[in-house]
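Participant: One structure, as structure tokens, below. Some questions next.
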Amino acid sequence: MWFLYASVEVAEPQMIDPHGFLGVDMGIANIAYDCDGNRYAGSKLNGYRRRQLRLRKRLQAKDSKSARRLLARRRRKEARHAANVNHRIAKRIVTEAVRTGRGIAVEGLTGIRDRVRLRKPQRVTLSSWCAVNRPHAA
């Protein structure tokens, strides 16, 4: 049995002094909206979410072993899709901030579920908000 131990020296990244900040507002209808007026995601993503919700409801109503297996597979597929969409949006925001030499300021969303009262149809939308985008307690 052979083992290889290698050490690599990496230069520390240079900290830049930002010339202002790019404010980013996160939401459900539009995943992100920056202070320059750029909107990220929207109707196509919400249509996808509604379709997935309908398919989940149909499979949950069956309550069979194969339906549970398909639900697990669908859950993983939805998670991959959401992570991909969020990654693409984040890359575009970071690219814009780097191009203009600004830092990124994101709104604080901690405790939003405690502060907001919603009607029943809106509760599903808020609760199914992507985990990457969902507000976390800090």
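Every number in this text was worked out from the coordinates using simple rules, so none of it is lab data. Quick caveat, the model's predicted, so the values are computed rather than measured. Quick reminder, even Gly has a Cβ in these numbers, built from the backbone with ideal geometry, and neighbours come from all protein chains shown.
Participant: How would you rank 65-71, 31-37, highest first, on the average number of other Cβ atoms within 10 Å across their residues? Walk me through the numbers on the way to the answer.
Facilitator: On the way: 65-71: 12.1, 31-37: 15.4.
Listed from highest to lowest mean packing, they are 31-37, 65-71.
Participant: I would also like to ask the following. Would you calculate the volume per residue, in Å³, of the smallest convex hull containing every Cα atom of region 1-65? Please list the in-between numbers first.
Facilitator: Details: hull volume 12.9 nm³, N = 65.
Value for region 1-65: 198 Å³ per residue.
Participant: Considering amide H positions built from the backbone, and no H for Pro or chain starts, which residues 5 or more places from Gly27, or on another chain, come under 5 Å of its amide H?
Facilitator: Ala32
Participant: Among the lysines, which fall within straight-line cross-link reach of Lys65, defined as a Cα-Cα distance under 21 Å, with same-chain neighbours fewer than 8 residues apart omitted?
Facilitator: Lys57, Lys77
Participant: Based on the mean of other Cβ atoms within 10 Å per residue, sort peptides 10-18, 86-94 so the most packed one is first. Let's see the in-between values first.
Facilitator: Numbers: 10-18: 6.9, 86-94: 14.8.
Listed from highest to lowest mean packing, they are 86-94, 10-18.
Participant: Now for a separate question. Quick one: order Leu118, Leu4, Leu45 by neighbouring beta-carbon count within 10 Å, fewest to most.
Facilitator: Leu4, Leu118, Leu45
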